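All remarks here apply to the structure that follows.
The values are calculated or read from the model by the stated rules, or taken from the named source; none is laboratory data. Quick caveat, the model's predicted, so the values are computed rather than measured. Every residue, glycine as well, gets a Cβ built from its backbone with ideal geometry; the counts of neighbours run over all protein chains shown.
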2 protein chains.
Amino acid sequence: MRQFIVLGHEAPTAPDFSLSDLAGGAGRLDVLCRCVNAGLFLSHGIREDSRVHLVLNDEYTVRFDGATAKRLYPNERAVASRVQGALESTADAIGHQPAEVSPGVELYRMDFASTLETVARDGTVVELHEDGEPLAEAEPAENPIFVLSDHHDFTDTEAAVLAETAARRLSVGPAVLHADQTMTVVHNWLDTAGYTDY
Amino acid sequence: MRQFIVLGHEAPTAPDFSLSDLAGGAGRLDVLCRCVNAGLFLSHGIREDSRVHLVLNDEYTVRFDGATAKRLYPNERAVASRVQGALESTADAIGHQPAEVSPGVELYRMDFASTLETVARDGTVVELHEDGEPLAEAEPAENPIFVLSDHHDFTDTEAAVLAETAARRLSVGPAVLHADQTMTVVHNWLDTAGYTDY
């Protein structure tokens, strides 16, 4: 299992945004949608052993699960439509019980710290950082959980929570990439290292 | 210089498509838009030494140049809007003279074979193929030119043209990726191999 937690600092927490203005009025939801694409999609297929957790403004987390996703398409608008559908179901997410939104998509009333704590039980948290060990020299961990941020850096609080939980720190390369591009590189690293769980 | 030629087999050749239906009525233009993103964008920056050539239905080629692009954003809708703008200028593209559409974006009345022949003068054409030499074991070529296809395979004619021009055949890994994901992996390979032309 490969998991990715992506923090959306300006992401919407209500469904009243336009699917035609994802990069504007929807708080750069386009960035998060591309992360779902990078995390789950292959050419003509889906990574059945991958999950992407989008943390929306530290209030809700929408989980996309490759194993159970159906009729999910990689374009930004399609993914954003699923997030919008999730935000129409907030009343059904009570405590840590998720709202089932559509096949493979669940909404949790959980902030970053709660999501990280819960997800971290099932694997090894890896921080992606420009000062980390280069991917090419690193040995993949079992059931890795990667934590990334949208177009903003981690806040000091988020960085502290992450540093406390992360077992390792890796760097994807000299160029600073977008979160979704980083996820694509990480998947490729695991694929070529012989991890065939896709 | 790093260049990418991407073939859009169902891509529009007229501007009368909806920016809200890129994955449907616009012939999977979403795929090509993601390729422009992967080819040109870094986090908070642009790859100034990269170009992406989108071949639209073997009729027109829209060239995006990282060196001169301005006010270009990575979301699918924004890139599609530039393609739409280019297709409003087809009357200005005469012979091999392009129409200047917006900063860094030009429209050429050129099919795949003409585009490949022209671009190939400035570098080494590399075919990306699952049977190729693994990236990790290959030495990058100077001024590489990568040729990719959208969600469809190359046609027999395209494959023949490419095989005739390509100096090398490389494979990005065991998993079959989308074109834009492949471009991200290729950029990362060049970045980490010490090519600092980004």
Does any residue of segment A:56-78 turn out to be β-branched (V, I, T) and touching a residue at least 60 places away in the same chain (Cβ under 8 Å)? no
Restricted to segment A:1-25, and to residues that are farther than 16 Å from A:G66 by Cβ, surrounded by fewer than 24 Cβ atoms within 10 Å (Cβ to Cβ) and of a type in the set (A, V, I, L, M), which residue is nearest to the other protein chains (Cβ to nearest Cβ)? A:A23
Out of A:G95, A:G45, A:G27, I need the residue that is within 24 Å of A:H152 (Cβ to Cβ) and over 13 Å from the mean Cα position of the chain (by Cα). Which one? A:G27
If A:P140 satisfies every condition in (1) within 14 Å of another protein chain (Cβ to nearest Cβ); (2) without any contact (Cβ under 8 Å) to a residue 40 or more places away in the chain; (3) under 21 Å from A:E48 (Cβ atoms) but one, which is the exception? (2)
Failed item in (1) over 16 Å from A:H152 (Cα atoms); (2) facing chain B (nearest Cβ under 8 Å); (3) of a type outside the set (F, W, Y), with A:A69 passing the rest: (2)
Across segment A:155-184, what is the total count of residues that are within 14 Å of another protein chain (Cβ to nearest Cβ), under 18 Å from A:V125 (Cβ atoms) and in a helix (DSSP H, G or I)? 3
For segment A:128-135, does any single residue satisfy the condition of being under 19 Å from A:A38 (Cβ atoms), outside any strand (DSSP E or B), of a type outside the set (S, T, N, Q) and not assigned by TED's automatic domain parsing to the domain that holds A:F41? yes
Can you name the condition, by its number, that B:A67 falls short on among (1) assigned to a loop (DSSP other than H, G, I, E, B); (2) within 20 Å of A:A78 (Cβ to Cβ); (3) out of contact with any Leu (no Cβ under 9 Å at 6 or more places or on another chain)? (2)
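Working only within segment B:139-198, note down all residues that are of a type in the set (G, A, S) and farther than 14 Å from A:Q181 by Cα. Lay out the reasoning, then the answer.
As a first pass, look at segment B:139-198 and keep what is of a type in the set (G, A, S): B:141, B:149, B:159-160, B:163, B:166-167, B:171, B:173, B:175, B:179, B:193-194.
The answer is B:A141, B:S149, B:A159, B:A160, B:A163, B:A166, B:A167, B:S171, B:G173, B:A175, B:A193, B:G194.
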Does B:V36 count as more than 14 Å from every other protein chain (Cβ to nearest Cβ), among the aliphatic types (A, V, I, L, M) and either assigned to a helix (DSSP H, G or I) or touching a helix residue (DSSP H, G or I) at 6+ places or on another chain (Cβ under 6 Å) (or both)? no
